[in-house]
1. Just the residues that are open to solvent by 30 Å² or more (accessible area, probe 1.4 Å) and either in a helix (DSSP H, G or I) or closer than 20 Å to Arg464 by Cα (or both), please, taken from region 566-584.
2. Just a yes or no: is a residue in region 536-546 of a type in the set (Gly, Ala, Ser), in a helix (DSSP H, G or I) and modelled with pLDDT of 90 or more?
3. So which pairs qualify, if the first residue must be in region 160-172 and closer than 12 Å to Phe251 by Cα, the second must be open to solvent by 50 Å² or more (accessible area, probe 1.4 Å) and part of a helix (DSSP H, G or I), the Cβ gap must be under 7 Å, and the two must be at least 6 apart or on different chains?
4. If you go through region 64-103 one residue at a time, how many are under 24 Å from the mean Cα position of the chain (by Cα) and surrounded by 18 or more Cβ atoms within 10 Å (Cβ to Cβ)?
5. Which numbered condition in (1) outside any helix (DSSP H, G or I); (2) buried (at least 24 other Cβ atoms within 10 Å of the Cβ); (3) without any contact (Cβ under 8 Å) to a residue 40 or more places away in the chain is the only one that Val323 fails?
6. Which residue pairs have Cβ atoms closer than 9 Å, lie 6 or more positions apart in sequence or on different chains, and pair a first residue in region 697-722 that is in contact (Cβ under 8 Å) with a residue 40 or more places away in the chain with a second residue that is buried (at least 18 other Cβ atoms within 10 Å of the Cβ) and outside any helix (DSSP H, G or I)?
7. Examine region 288-302 for a residue that is under 26 Å from Ile497 (Cα atoms) and free of Cβ contacts under 8 Å to residues at least 40 places away in the same chain, and state whether such a residue exists.
8. For region 621-633, indicate whether the set of residues that are assigned to a helix (DSSP H, G or I), open to solvent by 20 Å² or more (accessible area, probe 1.4 Å) and touching a residue at least 60 places away in the same chain (Cβ under 8 Å) is non-empty.
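The values are calculated or read from the model by the stated rules, or taken from the named source; none is laboratory data. Computed from a predicted model, the values in this text were never measured in an experiment. Reconstructed Cβ throughout: ideal geometry from the backbone, glycine too, with neighbour counts over all protein chains shown. Note: areas computed on protein heavy atoms with side chains; ligands, DNA, RNA excluded. Shrake-Rupley method; radii C 1.70, N 1.55, O 1.52, S 1.80 Å.
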Amino acid sequence: MERSAVRPVSIIPLWRLIWIVACVSAGLLGFEISLMRILLVASWHHFAFLVIGVALLGFGASGTVLCIFREWLMKRGEAALFVLTILTAMSMPICMALAQQIPIEARFVPTLLLQQLGNWVLYWLVLAVPFLLGSAAIGLALMLAADRVALVYAANLAGSGVGAVLVTAAMYYVPPPWLPLLMCLLAIPGVLAVRCGSLGLRIGAMVTAIACLTLWLWVDPPQIRSDPFKYLAHVRQLEQQHVVRRLAAEFSPRSTIEIYRGDVFHEFNFLSIDAVVPEVDVILMDGHLAGSMLRVDRVNAGDVVEHTMMSVPYALLPQQPRVLLLGEVGGGNVWLAQRHGAASIQLIQPDQALLRLLNGPLRHDTGRFLALPTVEVFTADPRHFVEHTSSQFDLIQLVSMESMTAGSGGIGGLAENYLITVEGLTSSLRALTEQGVLSVCRGIQDPPRDNLKILTTLVVALRRLGISHPQDHIVIVRDFLAVCTLVKRTPWSPQQIETVRDLCSQRDLTPVWFTGIRDNELNYPDEMPGPSGALGDWYHEAARQLFSIDNASAFIDDWMFDIRPTTDSRPFFLDFSKLRSLGALRKAYGDMWLTRAELAYLFVLSAAALVAMVSVLLTIVPLLLLRSIRRSSGKRATAAYFGAIGLGYLMLEMVVLSALTHLIGDPIHAAALTIATFLLFSGLGSMLSQRFIVRSSPIVSWLIVALVIFGTVDLLVILPVVNSWAGAFSFTTRCALGVLPVAPLAFLMGFPMPSGLYRLNRAAPKLIPWAWGINGFASVLAPPLAIALAMTWSYHITASIALLMYVAATLLLPRLPAMQDASAS
């Protein structure tokens, strides 16, 4: 009797369930990717781990709703699907608009901390609503599918993958604020397959919903509210006051670019105090100040560039140097190289939209610097270029590092940078000529951190090249604004050291490190804090310690901030968080310690704790209060199995996302490709799983074992090889090559979930919502947990733990309620 009671499936044809689930899933995944693009403009990071976690919070909470109202929803299957589909589609633009009214900030002020944290929680809860409604629709369809649950689950995964692809394509044509409305239009056709009233009624409801949304958004067009501490917020205030105007804008999955002009703009990196302040246009990328564009039309007009720290290495170069500019934006470094008679200038810029602007509508404002005869422009990721170029250069300038700040309250530490890693800097050093110079200019911080991490990473890179005395290959000078670190593959000669001394004297620069530096040269003329009783500043002391094999590790360990060398497996250059230093910060700065702390790691840990707490309250606690769950004999095994595969799946997805970000060079493209690949091929695995789960449970266990073995080889061997080999290919080719090693892994990962659901549906169908909720809870926790593990140790450790979750799932699968248990009862 019980088994027939859970089979109202026959009243809803399978194709209609598949269509509804595919439409809703496509809209939800498109909305998920849209949030990442919007957050890159609104805040300081795409927060992919939080977006994914909050999306899955909705999925987990839907399990609670389905479990509590199971019988009521099952009796009203089609009507409930109709309402949930309409609400899901409508909630996407509405909740995005509501979230924009909640002030969230990345910089936390102690007196406002509780209010700021509350705003963040409320912000994410509002954005979780579409995922709650959509996943409830999907979960209900799974319940109505009964024995055909694997095929409907496959439609969920495949539809999600299609949505990720479609939204990425739309980003080239649709401004970011309008993407949620587009995803609404992608989800709402699902109502056409639901037989709730006449076809005319369904079409009328859909058209009415779309018309209401369109009217609302026409009256009040969607906008992205920027963090008040971002440069974009400052520029928008100036624009409202009619002090500045926007010259041009471009948008794509990679970035939102805006260029502004106004007499108030005089930003130019590391300009000396005696220089004439230039007139510039500012270039914003995702709301950050990416660079300044000099208003010049010839080389002689750009003499201001001679007064920057970036001009320092030219005194040490041969005549007519070959120059490589990695990440150049506004052209200032091009004019600098031109003034020094560069024989060739290769400019590497990964954002094609920016190059279109500079070559197109803005070409007259830039002096056509991209069209100069000595300039060659490459649209490429800087790391890929230095890895695969056959040319050698007299100067390689890491332009993308030329910034004043360590990060926005440390939240910038969540970003992954594969150029400033041991592997990336090793490739850059290999691209130098015998006497070539690698130049890194970076703003000064107090206490020091950015420039110390650059130094630790360079030291390891030099040692990897077989250089046993890196101190002979590095020169460091500074002024009151920035530190300039110059590196060669060969030791600096005595003549070059004397040139550095003369340069420091002429330009009032402060020597930090070079071979034979004298005590009377230290910390002068710009004095900065240093160790008690020492002549030099902390930069000099750090260099002295880091060049010592015996002292380097202890110094890195004892320093207030995390300055460990960054690697491809831990590419968080801007993460300086160190938990054990919080006590010292509180002692030094009192109640204002939070304004001095690097918050990236703390933010991830706090996010993990908050989403886990909310998820427990919305999923686990309500379900445990239900008598049917409490009395179910298989709930512990069910929780363990579905929790393990939830953790394993999402942690592996975050590892692959990082690897594909390295390969593709852009987090949004990488996120879309990762999600699409995982879900499309997991969907295929889910479809084929029905054959195996009907035949034998041991076959599924062996498939999970195969997943663990292949995953180990794939993540630790194949993907790193693909990353190092495929960087020279086009963007499209890199995307295709990125799919190849991931697809088999994702295919195998499609088996565990439907296998478990099938067993539950045959033996204990009331546990399906419990399994769905537990899997959602584990999936919510997995993304921030994966990032925290990667920031603490590495992505290799994260991958290993994820694969151990699948080992546990192999052992737990036979413990799930079995079909014979149901028949026995």
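1. Within region 566-584, Thr567, Asp568, Leu579, Arg580, Leu582, Gly583, Ala584 qualify.
2. Scanning region 536-546 turns up at least one residue that is of a type in the set (Gly, Ala, Ser), in a helix (DSSP H, G or I) and modelled with pLDDT of 90 or more.
3. Ala170/Leu182
4. So the count comes out to 7.
5. The one condition Val323 does not meet is (3).
6. Close Cβ pairs (under 9 Å, with a partner that is buried (at least 18 other Cβ atoms within 10 Å of the Cβ) and outside any helix (DSSP H, G or I)) amount to Ser697/Leu816; Val700/Phe751; Leu703/Phe751; Ile704/Phe751; Leu707/Phe751; Pro720/Asp568; Pro720/Ser569.
7. no
8. Within region 621-633, one or more residues are assigned to a helix (DSSP H, G or I), open to solvent by 20 Å² or more (accessible area, probe 1.4 Å) and touching a residue at least 60 places away in the same chain (Cβ under 8 Å).
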